[in-house]
Amino acid sequence: MENKLIEIDFSNCKYIGSVHKEIKEKLELPEWYGENLDALWDALIGIAQTPIIVKIIFKPQTISSKKLTPYINEVINVFNEAVEKCNEINVIIER
């Protein structure tokens with residue numbers, strides 16, 4: 001089975017909520033997605049049956065998006081932990 005490429009671009013996100021909105025939309029997560037790092041972990045493990053490549057793009061465009069850098073790093077860490085746990089998930093980071 002060929003890996004599905006999912007591109008998630010956080011470059012224009014200004015708030016933590018917009019980060020999770022982007023994740024929810026691109027990963028096609030259900031309405032009840034909890035919009036936090038624990039919920040992200042659960043969602044990634046839940047979709048791990050399908051081979052995916054997630055390309056995370058973060059090239060901050062505004063002061064607000066630059067302030068999100070520490071949180072985006074935490075999000076990337078969750079994705080990387082999911083990669084270690086599941087063979088079906090691969091992550092590419094573009095900064």
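Checking the conditions here, which among Glu31, Glu35, Glu2 is closer than 19 Å to Cys86 by Cα, outside any helix (DSSP H, G or I) and of a type in the set (D, E, K, R)?
Glu2
Here are some residues: Glu31, Glu25. Which one is at pLDDT 95 or above and either surrounded by fewer than 18 Cβ atoms within 10 Å (Cβ to Cβ) or closer than 14 Å to Val78 by Cα (or both)?
Glu25
Is it fair to say Ile45 is touching a strand residue (DSSP E or B) at 6+ places or on another chain (Cβ under 8 Å) and either in a strand (DSSP E or B) or of a type in the set (A, V, I, L, M) (or both)?
So Ile45 fails the test.
Looking at segment 48-63, which of its residues are basic (Lys, Arg) and assigned to a strand (DSSP E or B)?
Correct list: Lys55 only.
Regarding segment 58-78, can at least one residue be identified that is surrounded by 14 or more Cβ atoms within 10 Å (Cβ to Cβ), touching a strand residue (DSSP E or B) at 6+ places or on another chain (Cβ under 8 Å) and either modelled with pLDDT under 95 or acidic (Asp, Glu) (or both)?
no
Among the residues of segment 9-27, count how many are over 13 Å from Pro60 (Cβ atoms) and assigned to a helix (DSSP H, G or I).
9
The values are calculated or read from the model by the stated rules, or taken from the named source; none is laboratory data. The structure presented is a predicted model; accordingly, all values stated were derived computationally and were not measured. For neighbour counting, all protein chains shown are included, and Cβ atoms are generated from backbone atoms with ideal geometry for every residue, glycine included.
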